[in-house]
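The values are calculated or read from the model by the stated rules, or taken from the named source; none is laboratory data. If you're wondering where the values come from, they're calculated on a predicted model, not measured in any experiment. With ideal geometry, Cβ positions are generated from the backbone for all residues, glycine too; neighbour counts draw on all protein chains shown. Protein only, heavy atoms only, side chains kept; ligands, DNA and RNA dropped before computing areas. Shrake-Rupley method; radii C 1.70, N 1.55, O 1.52, S 1.80 Å.
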Amino acid sequence: MPATKKPDSSSSSEVVPIDLNIPDNYVSYTLKNAKPLPPVTLSNLLHEINWISFSVITLTPLLGILGAYHVKLRWETALWSVIYYFCTGLGITAGYHRLWSHRSYNASVPLRVILALFGAGAVQGSIKWWSRGHRAHHRYTDTPLDPYNAHEGFWWAHVGWMLVKPRIRPGVADVSDLRKDKVVRWQHRNYLVLLPSMAFIVPMVVAWVGWGDALGGLVYAGVLRLVFVHHSTFCVNSLAHWLGETPFDDKHTPRDHMITAFVTVGEGYHNFHHQFPMDYRNAIKWYQYDPTKWFIWVASLFGLASHLKVFPSNEINKGVLTMQLKRLRETQEGIEWPSESRDLPVVGWDDFQEQAKSRPLVLISGFIHDVSDFMEEHPGGKHLLVKFIGKDATTAFFGGVYDHSNAAHNLLAMKRVGILHGGHPHASDIKIPSTSLDEKKLVPPSQRLKIAKYSELRPETREIYPNRVKPTYDMSTGGDYGSTTAVESDHDEEEDYKKL
């Protein structure tokens, strides 16, 4: 149902979301049928430059450097420049971004006015224009419909997309909700007046009235401060998609990194943000740098902000666990494992005895092990291995002589060369699931828990639990990463013993 609003002199009586009636295949259809502008070349460069953005981005640093060369920096002005940097920076991060683009909290009229004013001082367009582009960025991340698509390169995402006309029109994104906000409409109508006032006049007047340094206020708190605010925001589009880790999801380019957080007023935990954009936080751990989060929280204590949205921690933990399982799976696939029971030859007792005369074979837990390359390395001495050649050393290995470590158990499994017909005397007593000592004898510690794809689990398990992955006893490995779970892995080996 279209969103509606009361008649207003500045807008129509009804606001219809622009994306209300787009087709289900909008993205693929648009990419297939859109006619991008031709590539930028030397011959068409002047025609393709976005001269307004180009002028703001290139002239401000030049004017700032020139002004700093002629105007001495006073400590009062330096301090004011830093303060005003954070004021206008928060206008973008707490205002344009988390309040208006993502609606992650509610703000009172006074706070909305303050954020709208400071946001104008950051010279990044009006709230309405900025939010429309940012919503398109989230909806079409890393596609040609993303206005600052990171796949086009670091510098394109940083400033290139503003210096020239877009090669393809950004994807549709609705901002009809912002038209109902009187503060947004007021700022949009008066933006050309608010821009010079908040970007240059206010910082200059404060420095002039406060300590008589009007020119310093203009150069340092005005022009140079603006350069830093610009590139602080630009780093969210570039650096935050390039530097860092992906602890919540790696489907797209956003990443988390402390350095990015420091240069973007707390917007550096971008992987979290793209997964949970409606959360008012960017950093969720107490020690992570996110002054924007702290500002919003403090504002809520004074009644200036309310309804701070926090994504359920259970769902956040799912994302973390998924990525941890994926990395564990990748590690698991890079490890050499013992031969599967089904791939080992079944040897009778007499054959075992005969072969043990020509090479050092030791029986432990029903498995025949060739310890020829470990005779001299055995920590307990070679004589203990020699003692059990051609014999069953199960009791001695599992505490009779020495209760061996997990590492020893894992190494022993790598030396399996066969299975004794009939197994060890207690194999028939094993139950599934089993917690007995015999289970520990059969399965090395490193193989008792493994990461398996959903498709690798047993069919009967998927039928009983069609909508979720259930921990089950399984030895499945291999294949590309998909939905994974940690599964107990002793089932197949115990089944092999039953067959024997």
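Annotations for the structure displayed:
- Counting protein heavy atoms only, the range 113-222 has 69 percent of its accessible area on carbon and sulfur, 1.4 angstrom probe.
- Sulfur and carbon atoms: percent of accessible area, the range 310-409 [1.4 Å]: 52 percent
- Cα-projected label distance for L37 with I18, points at 7 Å along beta-carbon direction, nm: 1.7 nm
- Other residues with beta-carbon under 15 Å from the beta-carbon of D19 carry, at +1 per Lys or Arg and -1 per Asp or Glu, a net charge of +2.
- Per residue, the solvent-accessible area of the range 281-385 (1.4 Å probe, heavy atoms of protein chains only, all protein chains present) comes to 60 Å².
- Counting heavy atoms of the protein chains alone, S43 has an accessible area of about 110 Å² for a 1.4 Å probe.
- The slack in the chain from W129 to Y26, taken as 0.36 nm per residue of separation less the alpha-carbon distance, amounts to 34.9 nm.
- Solvent-accessible surface of protein heavy atoms, probed at 1.4 angstrom with all chains present, puts V40, V310 in the order V310, V40, largest first.
- Figure note: M198, M278 ranked by solvent-accessible area, largest first, 1.4 Å probe, ligands and nucleic acids not counted: M278, M198.
- For the listed residue pairs K182/K293; K182/K309; K182/K318; K387/K450; K165/K318; K32/K326, the alpha carbons are over 31 angstrom apart in K182/K318; K387/K450; K165/K318; K32/K326.
- Ordering L344, L66, L46, L411 by accessible surface, largest first, gives L46, L66, L411, L344; the 1.4 Å probe counts only protein heavy atoms, with every chain in place.
- The range 296-361: chymotrypsin sites (Phe, Trp or Tyr not before Pro) in DSSP loop, at most 15 other beta carbons within 10 Å: F302
- Taking all protein chains into account, the per residue accessible area for the range 176-225 stands at 48 Å² (1.4 Å probe).
- 15 Å beta-carbon shell around P203, net charge (K/R +1, D/E -1): 0
- With all protein chains modelled, accessible area of L63 [1.4 Å, Å²]: 100 Å²
- Between W186 and Y454, the simple label model (points 7 Å from Cα in the Cβ direction) yields a spacing of 5.0 nm.
- Taking the Cα centre of the range 230-296 as origin and assigning +1 to Lys and Arg Cβ atoms and -1 to Asp and Glu Cβ atoms, the resulting dipole is close to 100 debye.
- Only the Cβ atoms of Lys and Arg (+1) and of Asp and Glu (-1) were treated as charged; on that basis the dipole of the range 271-406 about its Cα centre amounts to roughly 900 debye.
- With DNA, RNA and ligands ignored, accessible area of M204 (1.4 Å probe; Å², nearest 10): 60 Å²
- When peptides 356-362, 330-336 are ranked by their average number of other Cβ atoms within 10 Å per residue, the highest-first order is 356-362, 330-336.
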